[in-house]
Amino acid sequence: MRLMTRFLAFFALTLVAACSKAPEQPPAQGGPALWQVQRGELNGWLFGTIHVLPSGIAWDTPAIKDAMGQADRLVLEAADLQDEQKTLGLFEQMGRSPDLPPLEARVPEAEKAPLLKALSDGGTSSQLLSGYESWAAAMLLSAANQQGLGVSQDDGVEPVLISTFKKAGKPIEGLETVERQFSAFDTLPEAAQAKLLVQTVHEAKDMKALYDRILKAWVHGDMDAIAKEDQNGEQPDPVVEEAVLVARNRDWAKAIEPMKGRPFIAVGAGHLTGRQNLIDLLKAQGFTITRVQ
């Protein structure tokens with residue numbers, strides 16, 4: 001599983017996504033994956049998102065628009081993630097530490113040259129990133145290596161969802177906070193953070209092709225293809241996988257468990273495949289999950 005790529009593919013802070021030609025209309029066979037979630041007094045929807053996109057992708061199909069229209073509120077991964085000033089402030093606060101060693105000193109000898117090349121290719125340097133903890137440096141390195149791909153968070157799914165629900169006067173909630181998202185990385189032991197940094201360097205080599213495939217799969221709601229990408233590439237550090245994906249999925253399932261009404265729950269599609277994904281966890285809690293698109 002390409003863990004760093006998988007997470008960054010759907011994480012709102014990144015500046016990355018496929019830069020292939022975007023379809024002007026929703027695909028003929030369905031669209032991004034959408035499920036109905038039911039149990040007791042809850043009758044809502046679960047939507048797998050991608051946070052940053054090239055402009056021009058028409059992903060909001062009639063089924064998605066209808067679900068948004070019927071929903072009584074929007075539930076995002078973190079409601080405060082769209083507060084850019086707050087998000088960047090937390091990133092700087094949590095991602096920096098004093099007296100850190102140079103970035104290249106935190107990876108094995110054989111990885112030093114590839115790391116320095118990735119830094120140079122991204123238009124940054126060890127000097128600029130060495131003030132960040134290894135997890136934060138990995139995020140910044142990934143973003144730096146994919147600048148200029150013609151994508152924007154403004155073209156992502158969340159801004160459209162937020163605008164739609166705000167115009168309708170419906171509340172917007174979150175399953176967690178931005179601080180919780182960053183803390184999943186910030187609390188990793190340094191050895192795990194260093195492995196994350198090395199994996200980011202390795203995955204930068206074929207990032208464009210990978211995102212092209214992920215975008216195509218997402219637009220067509222092909223969760224099998226997304227799951228297949230997870231199974232390729234380097235195996236993640238179990239410590240990182242547990243903290244970044246599995247533990248958060250469990251927390252989200254607990255947050256959804258007491259919900260009532262008709263929420264439209266939108267989370268990164270990467271959380272809806274793989275080990276202990278959110279759908280499987282909700283099914284284990286007795287929810288009926290029905291694919292509607």
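Odds and ends about this structure:
- The Rg/Rh ratio for the range 135-287, using Cα coordinates for both the radius of gyration and the Kirkwood hydrodynamic radius, is 0.96.
- Under 20 Å from the residue 285 label point (7 Å along Cα→beta-carbon), backbone N, the range 222-263: 242-263
- Global form of the range 28-94, assessed from the alpha-carbon gyration tensor, a/c cut-off 1.5: oblate
- Note that the chain presents 42 Å² accessible area per residue, ligands and nucleic acids not counted, probe 1.4 Å.
- Rg over Rh, two decimals, the range 62-134 (C-alpha only, Kirkwood Rh): 1.25
- Principal axes of the range 180-254: Cα extent on each, largest first, Å: 35, 34, 18
- Springs join every pair of Cα atoms under 10 Å in this Gaussian network model of the chain, and among 263, 102, 54 the largest mean-square fluctuation is at 102.
- Of all accessible heavy-atom area on the range 142-293, the percent that carbon and sulfur account for (1.4 Å): 52
- Theoretical gain in end-to-end length, residue 88 to residue 121 [0.36 nm per residue, Cα-Cα removed]: 9.5 nm
- Hydrodynamic radius by Kirkwood, which averages 1/r over all alpha carbon pairs of the chain, in angstrom: 19.5
- Placing pseudo-labels 7 Å out from each Cα toward the beta carbon at residue 130 and residue 239 gives an inter-label distance of 2.4 nm.
- Per-atom-type breakdown for the range 27-109 gives carbon and sulfur 48% of the accessible area (1.4 Å probe, protein chains only).
- Candidates 77, 241, 111, ranked by Gaussian network fluctuation over the chain, Cα under 10 Å, top entry: 111
- Top of 49, 273, 187 by mean-square fluctuation, Gaussian network on the chain, Cα under 10 Å: 187
- Extension gain for the segment residue 96 to residue 179, taken as residue separation times 0.36 nm less the Cα-Cα distance, is 28.5 nm to one decimal.
- Where both bridge residues fall in the chain, DSSP classifies roughly 50% of the beta bridges as antiparallel.
- In the chain, the DSSP-assigned H stretches of four residues or longer account for a calculated mean residue ellipticity at 222 nm of -13000 deg cm²/dmol, using -39500 (n - 2.57) per stretch and the full residue count as denominator.
- Per-pair calculated FRET efficiency, R0 = 30 Å: residue 216 and residue 254 via Cβ, rounded to 0.05: 0.35
The values are calculated or read from the model by the stated rules, or taken from the named source; none is laboratory data. What you see is a predicted model, and the numbers here were worked out from it, not measured in a lab. Ideal geometry is used to build each Cβ from the backbone, glycine not excepted, and the neighbour counts take in all protein chains shown. Accessible surface areas use protein heavy atoms only, side chains included; no ligands, DNA or RNA. Shrake-Rupley method; radii C 1.70, N 1.55, O 1.52, S 1.80 Å.
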